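Novice: Quick one: this structure, given as C-alpha cells, is what I'll be asking you about.
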Amino acid sequence: MSLEGRELILGVTGSIAAYKAVYLLRELTRLGASVSVCLSEHAREFVGALTFRTLSGRPVLSNLFDPQSTDAVEHVALAERCHAVVVAPATANVLAKAAHGIADDFLTTLLLAARAPVLMVPAMDGGMWDHPAVAANVVTLRRRGVTVLEPDTGALASGQSGKGRFPEVDDIVEALRRLLAPVRDLAGDRLLVTAGPTREPIDPVRYISNRSSGKMGYGLAVAALRRGAEVTLISGPTALTPPPGAVFVPVQTAEDMREAVLQHLDRATIVVKAAAVADYRTKQASSVKIKGKRDLTLELTPNPDILAEVAARGTTAFVVGFAAETHDVAEHARAKLESKGIDLLVANDVSQQGIGFDAEDNEVLLLDRWGGTRELPRMPKAAVADAILSHVLGLRAGITRKTPA
Ligand code: CTP
C-alpha cells in the first residue's frame, strides 16, 4: 500500500534514537506521504531541525509559544486534518504526558487536538520500559485506543542490553499501514459478548463474586468493533468504560445475565462468553443486613449454565466459551468443550502469575470441536482478542468450505 495522499504528523522526542526518525521520515516520504515533523525541545538536542525540514519539504513545528509564529493556531487545524500521528521515538516522558493529558509543548498539545489514530514508537534506555510507571502509562494509552508498539530487545545506547530499542523502520511502517487501513473482516457479523464477573447477593450489602476484571471480554468487544462487527456487550460489574459503539447491557447476577443473553441470542452470528459467571448463588438472599459475629452458614444453589443452554438451543451462531482452570488445563478444557457442546473453547491457566484473571496479559489454549488445538503465546489481552477473532473466522471459513453448496 502506498502512502500517497496521506497527511501525517511525525512527532520526534528526546531519545538517543531520535536520529533514526530521519530514516523513518525518508521512508514515509518515499512511500508518498506528506509529513509535517514536530520536534520536542529535547529532540533538538539530539538532531537538527534542518535535516527534517529538508527531507519533509516543510517547516518543522516546535515552538507553541513563539509570538512570531502562526504555528500555534495552525496546530489544531493540522491535527484535525491529518490521517495519523506517529510519535517516534517516544520517550517515557511523552508517554506519561500523553497518558495524563498534559499539553505543555507543541507535540503534546497536538496529541490532545488530534482526532486521527496515534502510533507511539517507544525507545528508551536502562530498563525504563519495565518501570511500573511506564508500563501503567502504556496500558492507559492502549486502553484509550492508542497503538503503542513494543520496543525491540538488544543492545542499548548505554551499553546495556534489554528491551527498549527503536523498532525497525519496516515494522513501524507496517503498523502505520494497519492503522490507516483497518481490517474490516467482521463487517456484517453481530457479536454477543459477555464479560466480567456476576454478583450474587447474600444480603443488601454483601455478595458472592470472583476476581474477573472484564478486560478480556471488553478487549474482544473493542477488537470486534474495530473489525466492523456490531457488538452487544453484556457485562457484570467492572471498573471499565463500555466501548463506544457497542450496545451495552449491564447486569448483576447470573440470572440477569442469562435473561439478557437469551434476549439477544437470535440476532447474534458469534457468541463469546468471556464472563466469569458465579457458579453458585444463595438459595435465599436476606432482605435485611445480616447482623452479628457468629458462625453463619449460607445455603447455595447452582446457577444456570448459560453457555450450555445457548449451545443446547441449537443456535446458528458460532459459540465460543472460556475456561478458567488451575491444573491439567488441556484435559479439563477438552472435557468442558464437549460437555457444553460449543464450537471453540479458550482455556487459560488462572494459577499463573501475570496472566488470566485481573491481569493485562493472557496466554491461552484454543480447542475446537473438530479436534484442533492451538496455543497462543503470552501477549496483551488486546492482541489475544484479535487472535481469537481471527481463529473464529478461520474455523468458520473451514466449516463453510466443508458444507456442500
Ligand atoms: N459459564 C456460563 N454459565 C455458568 C458458568 C459458566 O455461561 N453458570 C460459561 C463461562 O462464561 C465460560 C464457560 O462457561 O465461558 C466456562 O466457565 P468456567 O467457570 O471455567 O467453567 P464451569 O462451567 O463453571 O466449570 P467449573 O467451574 O466446574 O470448572
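The values are calculated or read from the model by the stated rules, or taken from the named source; none is laboratory data. Worth saying up front: this structure is predicted, and the values here are computed from it rather than measured. Note that we place each Cβ from the backbone using ideal geometry, even for glycine, and neighbour counts take in every protein chain shown. For the accessible areas, the whole protein counts, side chains as well, though only heavy atoms, and no ligand, DNA or RNA atoms are used. Shrake-Rupley method; radii C 1.70, N 1.55, O 1.52, S 1.80 Å.
Novice: Please list the non-local residues whose amide H lies under 5 Å from the amide H of Val37, H modeled 1.01 Å from N, same-chain partners needing a gap of 5 or more.
Specialist: The answer is Leu10, Leu61.
Novice: Relative to the longest principal axis of the chain, what angle (0 to 90°, nearest 10) does the C-alpha long axis of helix 71-81 take?
Specialist: The two axes meet at around 40 degrees.
Novice: Report the extension gain between Glu259 and Lys283 in nm, rounded to one decimal, defined as 0.36 nm multiplied by the number of residues separating them, less their alpha carbon distance. Show your work: numbers first, answer last.
Specialist: Working: separation 24, 0.36 × 24 = 8.64 nm, distance 1.86 nm.
That works out to 6.8 nm of additional length.
Novice: What translational D, rounded to a whole number of µm²/s, comes out for region 201-350 from Stokes-Einstein when the hydrodynamic radius is the Kirkwood one over Cα pairs, at 10 °C and 1.306 mPa s?
Specialist: Working: Rh = 16.9 Å.
Roughly 94 µm²/s, to the nearest whole number.
Novice: If you don't mind, there's one more thing I want to ask. Between rounded, prolate and oblate, where does the chain land on the alpha carbon gyration tensor, with a ≥ b ≥ c its root eigenvalues, rounded for a/c under 1.5, else prolate if a/b exceeds b/c?
Specialist: Working: a/c = 2.26, a/b = 1.85, b/c = 1.22.
Taking the square roots of the gyration eigenvalues as a ≥ b ≥ c, the chain is prolate.
Novice: Can you compute the modelled spin-label distance between Asp328 and Tyr23, with each label point 7 Å from Cα toward Cβ, in nm?
Specialist: Going from the Asp328 label point to the Tyr23 one covers 5.2 nm.
Novice: Loop-only check: which trypsin sites (Lys or Arg not before Pro) in region 240-308 are DSSP coil with at most 14 other Cβ within 10 angstrom?
Specialist: Within region 240-308, the qualifying trypsin sites (Lys or Arg not before Pro) (loop, at most 14 other Cβ atoms within 10 Å) are Lys283, Lys289, Lys291, Lys293, Arg294.
Novice: Shifting gears a bit: Please list 3J(HN,Hα) in residue order for region 229-235, calculated via the Karplus relation 6.51 cos²θ - 1.76 cosθ + 1.60 where θ = phi - 60°; whole Hz, with x for glycine and proline.
Specialist: Result, rounded to whole Hz: 7, 8, 10, 10, 10, 9, 10.
Novice: With r as the distance between the Cβ atoms of Ala49 and Arg144 and R0 = 35 Å, compute the FRET efficiency 1/(1 + (r/R0)^6) and round to 0.05.
Specialist: Working: r = 30 Å, r/R0 = 0.86.
Calculated transfer efficiency: 0.70.
Novice: Taking +1 at the Cβ of each Lys and Arg and -1 at the Cβ of each Asp and Glu, which of Leu156, Ala116, Leu10 sits farthest along the dipole of the chain towards its positive end, judged by Cα position relative to the Cα centre?
Specialist: Most positive-ward Cα: Ala116.
Novice: Using 0.36 nm times the number of residues separating Arg267 and Ala135, minus their current alpha carbon distance, what extension gain do you get? Kindly include the intermediate steps, with their values, before the conclusion.
Specialist: On the way: separation 132, 0.36 × 132 = 47.52 nm, distance 3.89 nm.
Contour length minus Cα-Cα distance gives 43.6 nm.
Novice: Separate question: For the chain, with every protein chain kept in place, what is the accessible area per residue (1.4 Å probe, Å²)?
Specialist: Details: 19830 Å² over 405 residues.
That works out to 49 Å² per residue.
Novice: Then there's this: Can you tally the net charge around Leu367? Count Lys and Arg as +1, Asp and Glu as -1, for every other residue whose Cβ sits under 14 Å from the Cβ of Leu367. Intermediate results must be reported in sequence, preceding the final value.
Specialist: Details: positive: Arg334, Lys336, Lys340, Arg369, Arg374; negative: Glu325, Asp328, Glu331, Glu338, Asp343, Asp349, Asp368, Glu375.
Net charge in that neighbourhood comes out at -3.
Novice: I've got another one for you. Would you kindly state how much longer the chain becomes between Arg178 and Ala77 on full extension, computed as 0.36 nm times their sequence separation minus their alpha carbon distance, in nm to one decimal? Kindly include the intermediate steps, with their values, before the conclusion.
Specialist: Working: separation 101, 0.36 × 101 = 36.36 nm, distance 2.42 nm.
Using 0.36 nm per residue and subtracting the Cα-Cα distance, I get 33.9 nm.
Novice: From the residues Gln263, Trp129, Ala333, which one has its Cα farthest along the dipole of the chain in the positive direction, the dipole being from +1 and -1 charges on Cβ of Lys/Arg and Asp/Glu about the Cα centre?
Specialist: Result: Gln263.
Novice: What value, in deg cm²/dmol to 500, does the helix sum -39500 (n - 2.57) over DSSP H runs of n ≥ 4 give at 222 nm once divided by the residues of the chain?
Specialist: Values: 13 runs with 139 residues, N = 405.
The per-residue figure over the chain is -10500 deg cm²/dmol.
Novice: Enumerate the calculated ³J(HN,Hα) couplings along region 4-16 in order (Karplus 6.51 cos²θ - 1.76 cosθ + 1.60, θ = phi - 60°), each rounded to whole Hz, writing x wherever the residue is Gly or Pro.
Specialist: 3J(HN,Hα) across region 4-16, in whole Hz: 3, x, 8, 9, 10, 10, 10, x, 10, 10, x, 10, 4.
Novice: In the structure displayed, which of Lys97/Lys163; Lys20/Lys381; Lys273/Lys381; Lys273/Lys336; Lys273/Lys340 lie more than 18 Å apart, Cα to Cα?
Specialist: Numbers: Lys97/Lys163 21 Å; Lys20/Lys381 30 Å; Lys273/Lys381 15 Å; Lys273/Lys336 13 Å; Lys273/Lys340 12 Å.
Exceeds cut-off: Lys97/Lys163; Lys20/Lys381.
Novice: Estimate the FRET efficiency between Glu309 and Gln353 by the formula 1/(1 + (r/R0)^6), using the beta-carbon distance for r and 25 Å for R0, to the nearest 0.05. It would help to have the intermediate numbers written out before the result.
Specialist: On the way: r = 34 Å, r/R0 = 1.35.
According to the calculation, E is roughly 0.15.
Novice: What order do Thr51, Thr373, Thr232 take when sorted by accessible area (1.4 Å probe), most exposed first?
Specialist: Sorted descending by solvent-accessible area, the residues read Thr373, Thr51, Thr232.
Novice: For region 7-180, evaluate the Debye formula with one uniform point scatterer on each Cα (no solvent term) and list log10 I(q)/I(0) at q = 0.08, 0.14 Å⁻¹, rounded to two decimals.
Specialist: With one equal scatterer per Cα and no solvent, log10 I(q)/I(0) is -0.21, -0.67.
Novice: What is region 319-405 by shape, rounded, prolate or oblate, if you read a ≥ b ≥ c off the alpha carbon gyration tensor as root eigenvalues and call it rounded for a/c under 1.5, prolate for a/b larger than b/c, and oblate otherwise?
Specialist: Details: a/c = 2.82, a/b = 1.53, b/c = 1.84.
The shape class here is oblate.
Novice: Given a 1.4 Å probe and every protein chain left where it sits, what share in percent of the accessible area of region 7-180 is carbon and sulfur?
Specialist: On the way: 4170 of 8000 Å².
Here carbon and sulfur together make up 52 percent of the probe-accessible area.
Novice: Related question: Report the charge-dipole magnitude of the chain in Debye, nearest 20, computed about the Cα centre from +1 at each Lys and Arg Cβ and -1 at each Asp and Glu Cβ. List each step's numbers first, then the result.
Specialist: Details: 45 positive and 46 negative charges, 138 e Å.
Charge dipole of the chain: 660 debye, to the nearest 20.
Novice: Would you mind checking which residues have amide H under 5 Å from Leu300's amide H? H placed 1.01 Å from N; only 5 or more apart, or other chain.
Specialist: Under 5 Å from the amide H of Leu300 lie the amide H atoms of Lys283, each far enough along the sequence or on another chain.
Novice: Enumerate the calculated ³J(HN,Hα) couplings along region 312-325 in order (Karplus 6.51 cos²θ - 1.76 cosθ + 1.60, θ = phi - 60°), each rounded to whole Hz, writing x wherever the residue is Gly or Pro.
Specialist: Rounded to whole hertz, the list is 5, 6, x, 4, 7, 5, 7, 10, 10, x, 10, 9, 9, 10.
Novice: Where both residues lie in region 7-180, what percent of DSSP beta bridges are antiparallel, nearest 5?
Specialist: Working: 4 of 21 bridges.
For region 7-180, the DSSP antiparallel bridge percentage is about 20.
Novice: Now, a different point. I want the antiparallel fraction of DSSP beta bridges within the chain, as a percent rounded to 5. Write out the running numbers ahead of the final one.
Specialist: On the way: 20 of 63 bridges.
Taking every DSSP beta bridge with both residues in the chain, the antiparallel ones total about 30 percent.
Novice: In straight Cα distance, which lysines are under 25 Å from Lys291, not counting same-chain residues fewer than 8 positions off?
Specialist: Lys283
Novice: Which distance in nm do the two modelled labels at Ala397 and Thr241 give, with both placed 7 Å along the Cα-to-Cβ direction?
Specialist: 3.5 nm
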